[in-house]
Structures are given as structure tokens and as C-alpha cells.
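Below is one structure, written out as C-alpha cells; the observations come after it.
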Amino acid sequence: GTDLAKQSNTEFAALTDVGEYVIKVKAVKGETESEYSASVSYAIYGVTFPTQAGVTVTGESSVKSGENYSFSVTVDTENYTADSLVVKVNDVIVEAVEGVYTVENVSANVVIMVEGVAAIEYAVTLPTGEGYTVTGDVSVKKGEDYSFTVAVEDELNEVIVKVNDVEVSPIDGEYIVENVTEDLTITVEL
């Protein structure tokens, strides 16, 4: 409905933003103007990428209506598992061909979802025994710090706490294992 640009070339960079367009053109030479051409319609659709940890999706941020859209998915396999990886576009499962996912003949905004990616976790074995109570989670994500407490019923008892057979000391009543990279077994000796 408005004049977008007056120029001599045939590409209009202003029309590449996400949106729907109806374009008509006319020729102008001096004071003489042609009638507008028949209208041409097209759309540029936006692409929404997942924002979950451990997943990187690489592709353009928009796609022209009717074109194919391709992207790749990379999982941080050092810190995450993807044993049951499922990639969906607009709630429809898509399969990769040689590592590339393709949506053909795009006709709507593209919403990419990745499922089945989980942080690698390590098991924590908490001891039970008479005269003390150990409190903490039974798993920890790879690379995170793990903290736990030990409450002794008789404060006069000397307590030795070990994690994977290495003695640890509390800081302000809390035991902390930094940057966990393996299963943890906690033992308490009174």
C-alpha cells in the first residue's frame, strides 16, 4: 500500500525481514509512469531455535515461503547424553540425512524442538548407620559441585567422612565435592 523504494535495480533488501508481502512495481521515467504490475505475494518465515542446555542448532534465522530450510543439531556429548534424540519441526519428527535436517516447501514459521537430551549424571551412594545421618541428593550432574551434610547424634563422637575413600572436611557444616566427574560413595566412621 505504500511506495517502498525508488531504485534502478530489481532487488529490494527491505523485503527480507520476517513477514508477508504483496508487491507491485511500476516503471517511472521523468514524469511518465506505467501502471502497476500484477501483484506478487510471498512470505518470509521466522525460525525459532531451542534454548536448552547441551544443544546447539545451526541454521538461518528465516526462510522464504516455498523454499527448503536446512539446519544441523549438535549435542555437547561431553556433558550430555542423547541416546533417544528426537528432532521436531512444528511438532513433526524430522530425520537427518548425513547430519542435516531439511524441511521442504516451508509454508509457516519454523519452530525447532530437540528432545531426548539429558545432562550426564553420576550416582551418589549415601551411607546409613547408627549414630549419624547423611543428607544429600542421590545423583549429581557432571561438572557440578555436590554438597551434603552429616549430623552426628552424639557430638562428642569424632567423625571421619570420606568420599571415594578420600577424607573430606566440612566447611561451615557442609561437605562439598567440586566438579564431579564420577560416581560418589560417601562413608562415615565414628
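The values are calculated or read from the model by the stated rules, or taken from the named source; none is laboratory data. Values in this document were obtained by computation on a predicted structure and should not be read as measured data. Methodologically, a virtual Cβ is constructed for each residue, glycine included, from the backbone with ideal geometry; neighbour enumeration extends over all protein chains shown. For accessibility, only protein heavy atoms count, side chains too; no ligands or nucleic acids. Shrake-Rupley method; radii C 1.70, N 1.55, O 1.52, S 1.80 Å.
Comparing T16, T56, T128 in a Gaussian network model of the chain (Cα springs below 10 Å), the most mobile by mean-square fluctuation is T128. Packing order of peptides 136-142, 31-37, highest average first: 136-142, 31-37 (average count of other Cβ atoms within 10 Å over each peptide's residues). So for region 116-187: antiparallel DSSP bridges make up what percent, rounded to the nearest 5? For region 116-187, the DSSP antiparallel bridge percentage is about 90. If you take all other residues with their beta carbon under 13 Å from the beta carbon of V110, and give Lys and Arg +1 and Asp and Glu -1, the sum is -2. The label-point distance for T135 and S107, in a model that sets each label 7 Å from Cα toward Cβ, rounds to 5.9 nm. With 0.36 nm allotted per residue and the present C-alpha distance subtracted, the K88-V25 stretch has 18.8 nm of extension available. In region 5-130, a dipole from Cβ-located charges (positive for Lys and Arg, negative for Asp and Glu) runs towards its positive end, and of Y42, S84, T125 it is Y42 whose Cα lies farthest in that direction.
Per-residue 3J(HN,Hα) values for region 140-146, derived from phi via the Karplus relation 6.51 cos²θ - 1.76 cosθ + 1.60 with θ = phi - 60°, read 8, 6, 4, x, 8, 7, 10 Hz in sequence order (x marks Gly and Pro).
Taking 0.36 nm per residue of sequence separation and subtracting the Cα-Cα distance, how much length would be gained by fully extending the chain between T185 and N164, in nm to one decimal?
Numbers: separation 21, 0.36 × 21 = 7.56 nm, distance 0.52 nm.
Length gained, T185 through N164: 7.0 nm.
Separation of region 107-130 from region 67-102 is 17 Å, based on Cα centroids.
Can you give me the accessible area per residue for the chain, using a 1.4 Å probe, in Å²?
Numbers: 12940 Å² over 190 residues.
For the chain, the solvent-accessible area averages 68 Å² per residue.
Report the GluC sites (Glu not before Pro) located in region 81-169 that are in a DSSP loop and have at most 11 other Cβ atoms inside 10 Å of their Cβ, or state none.
Working: sites: E95, E98, E104, E115, E121, E130, E144, E153, E155, E158, E167; in loops: E95, E98, E104, E130, E144, E153, E155, E158.
Taking region 81-169 and a limit of 11 other Cβ atoms within 10 Å, the loop GluC sites (Glu not before Pro) found are E95, E98, E104, E130, E153, E155, E158.
Between T10 and E95, the contour length at 0.36 nm per residue exceeds the Cα-Cα span by 26.9 nm. For K142, nonlocal amide neighbours, meaning residues 5 or more places apart or on other chains whose placed amide H falls under 5 Å from its own, are I120, E121, Y122.
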